[in-house]
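One structure below.
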Amino acid sequence: MLLLTACAAPKPAPTVSQPQPAPAPSGPSEEEIRQRAVAHFLKRAEAAQREGFLTSPAGASAYDFYLNVQQLDPGNQRAATGIQAIVLQLVEQARDALRHRAFGRVNSLLNTADEIAPGNPLSAEVRAQVKREQARATADQVPAGAGAQSVPLATAELDARSEKITRVLTGIAERIRQHQMRVIIIARTDAEGRWIYGQLRQAVPGYRVRGDIKLGRPPRLLLQKQ
């Protein structure tokens with residue numbers, strides 16, 4: 001009798017779990033956050049600069065925003081160029097104030113420019129001009145004494161050499177002769193000063209108008225009894 005033995009079924013191989021990929025990070029990376037912040041501050045800086053908020057208000061000026069950019073990205077060229085432009089704008093504002101002899105504002109603007117860019121040559125150039133203009137301003141003070149007068153001259157009328165300014169100068173010349181006055185002509189250019197003096201002389205033929213011509217702004221006549 002033939003005996004058959006049952007063969008045991010092979011056991012299935014154990015399953016090996018495959019490593020799962022790490023989940024993709026959610027949200028922007030640190031570098032993306034930094035770049036977004038740089039772009040944000042550049043945009044605000046340039047907007048503030050266009051609106052004239054160069055160094056104030058504190059914390060919300062173009063200069064402050066550019067500094068924020070430089071902290072995040074020290075080599076950022078747009079920030080460096082923006083700060084340089086601020087210095088140029090401050091110096092130009094100082095030049096404009098100097099033309100009006102607003103010496104206090106001139107010095108304030110230059111001091112701010114020097115704080116941003118110490119030793120910049122543009123500030124030094126304007127400071128030299130300030131000294132010269134202050135010396136002229138001292139010389140151009142209204143003469144002291146009885147009868148001293150300062151007479152402004154309209155720049156638009158002078159530019160046009162108009163009939164109106166000629167009449168004004170004729171009246172002043174009559175006053176100079178009547179009260180025996182001396183005149184200092186403050187003019188923007190030497191040619192303008194000579195033209196004014198010529199009008200005064202023509203208005204009072206035979207009378208010697210005594211005076212001097214100095215360059216300065218605004219144009220005017222300083223009158224004083226001799």
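Against the list (1) open to solvent by less than 30 Å² (accessible area, probe 1.4 Å); (2) more than 30 Å from A37 (Cα to Cα), the condition A79 fails is (2). Could you look through region 93-109, keep only residues that are exposed (fewer than 14 other Cβ atoms within 10 Å of the Cβ) and without any contact (Cβ under 8 Å) to a residue 40 or more places away in the chain, and pick out the one that is farthest from the chain's Cα centre (by Cα)? So, considering only residues that are exposed (fewer than 14 other Cβ atoms within 10 Å of the Cβ) and without any contact (Cβ under 8 Å) to a residue 40 or more places away in the chain, the one farthest from the chain's Cα centre (by Cα) is G104. Screening region 156-175 for residues that are under 27 Å from E133 (Cα atoms) and open to solvent by 60 Å² or more (accessible area, probe 1.4 Å) and picking the one that is farthest from the chain's Cα centre (by Cα) gives R161.
Restricting attention to region 176-226, the residues that are aliphatic (A, V, I, L, M), surrounded by 19 or more Cβ atoms within 10 Å (Cβ to Cβ) and within 38 Å of the chain's Cα centre (by Cα) add up to 9. Taken over region 56-74, the criterion of being open to solvent by 50 Å² or more (accessible area, probe 1.4 Å) and of a type in the set (A, V, I, L, M, F, W, C) is satisfied by A58, L67, L72.
Residues in region 37-55 that are open to solvent by 70 Å² or more (accessible area, probe 1.4 Å) and either of a type in the set (G, A, S) or within 16 Å of V87 (Cβ to Cβ) (or both): F53 only. The set of residues in region 175-226 being in a helix (DSSP H, G or I) and within 29 Å of F103 (Cβ to Cβ) consists of D190, A191, E192, G193, R194, W195, I196, Y197.
The values are calculated or read from the model by the stated rules, or taken from the named source; none is laboratory data. Everything quoted here is computed from the prediction, not taken from an experiment. Because the Cβ atoms are built from the backbone with ideal geometry, glycine has one as well, and the counts that use them run over all protein chains shown. Accessible surface areas use protein heavy atoms only, side chains included; no ligands, DNA or RNA. Shrake-Rupley method; radii C 1.70, N 1.55, O 1.52, S 1.80 Å.
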